[in-house]
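One structure is given below, encoded as structure tokens.
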Amino acid sequence: MPTGSTPESQWCLIGNIAEEPPSGPGGEDVKIGTKHFSPGTKVYCFPAEWGDGYDQIRVVARHRGSKRYVTMIISSSWVTNWRAKVVYSPEVIRRLEEGGTRKWESEQEVREYVQMNNDFSNVYDDAARAGAYAGLEFPGTYYLACRDLPAIIGECVSGGCALDFGCGTGRSTRFLLGLGFDSVSGVDIAEHMVALARERDPTGEYLVVPDGNLSQLTPNSFDLVLAAFTFDNIPTMEKKVALFESLKHLLKDGGRIVSLVSSPDTYLNEWTSFSTKGFPENREAKSGDMVRIVMLDVDDKRPIEDIVWTDEAYHEVYERAGLTPINTYRPLGKEAEPFAWVSETRIAPWVIYVLERAG
Ligand SMILES: C[S@@+](CC[C@H](N)C(=O)[O-])C[C@H]1O[C@@H](n2cnc3c(N)ncnc32)[C@H](O)[C@@H]1O
């Protein structure tokens, strides 16, 4: 294709306008959408252009009145049947090329969005899950996540203010408090989790934040941001990059982000605290795909749905977000430790990245 010309075909995220308006918040926007599009209308969607978790989206579709293609912003909750398709219509392609601030980069990116919209939910925003999580400290395999953190954090930050991004029921926040920070705040999108964090630690600072929006927090105010397992279930490159960029802006000069994530090996092996043998399909998962894992330390044995993300893909996220990994750790279990290690002495389940602002 010559540079600057319109392509003859391109990958695009496609859906259909739902037959029934969804109930609850967002219903207002939906009715606006229905004014313009009949139920069942095929919509050609742009990638996310705002940091709102793909709530409001720009689409190309045939208008219910004129039957001509129009480009409009609607609520994504009004769209169902998400799929990835190659588009050939010159009119749709022209609008996709010219109409928005972003274009689809690849088939892979479109497929990530299909997964995000069809399959993915924050499994933690659930009362039963939150209850199970609240009783959990750092048993078994989790011990490897926290064993080395005091030394890792102590090497790059001494005291000051810390933020626990994705604090859940406050386990990681209480851990940070134990490291002697002057103040520690925990934020999460899951109300059930934060309610239990507050119950356990009534004097602690916990905040529920809208997904992808950290504007309630003061920029340049944290010496340390810890994200412990938070990015394991945040889908798409765009969303991860946007969140890390927001976290970067919260750092004081010289501040650090410690990003603790599950390695892709986590979803392929058996562990003291986890099982993946029921999910052979995890082996086929590519970076960005959904994988399942069961926690063995809690009564709630419903699988957790995570997004597998490779080391290379994390490096790409950090680079795009303007962050530089200054150290990476992959803690292994030791024979002398009081746990019945399964794979932990040979394979590292967790990866800990220490990040600073680039440049
Ligand atoms: C596996 S839990 C870890 C909780 C805690 N850090 C710990 O180690 O116990 C991941 C948490 O990240 C939260 N989370 C997911 N997406 C988020 C987002 N966009 N902003 C803030 N929190 C998020 C989830 O609601 C969940 O509570």
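The values are calculated or read from the model by the stated rules, or taken from the named source; none is laboratory data. Quick caveat: nothing in here was measured; it's all calculated off a predicted structure. Please note: Cβ atoms are built from the backbone with ideal geometry, for glycine as well, and neighbour counts cover all protein chains shown.
Laid out as a table, the results:
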quantity	calculated
Among residues of the stretch 245-282, those that are within 15 Å of residue 232 (Cα to Cα) and in a loop (DSSP other than H, G, I, E, B), counted	1
Matching residues in the stretch 159-199 - criterion: being in a loop (DSSP other than H, G, I, E, B), surrounded by 18 or more Cβ atoms within 10 Å (Cβ to Cβ) and more than 6 Å from the ligand (Cβ to nearest atom)	169, 170, 181
So residue 229, is it aromatic (Phe, Trp, Tyr) and within 15 Å of the ligand (Cβ to nearest atom)	yes
Among the candidates 241, 308, residue that is within 16 Å of the ligand (Cβ to nearest atom), surrounded by fewer than 20 Cβ atoms within 10 Å (Cβ to Cβ) and among the aliphatic types (A, V, I, L, M)	241
Entirely in the stretch 284-359, the strands (runs of 3 or more DSSP E) that have 3 or more residues that are of a type in the set (Ser, Thr, Tyr) and in the same structural domain as residue 142 (by TED's automatic domain parsing)	323-329
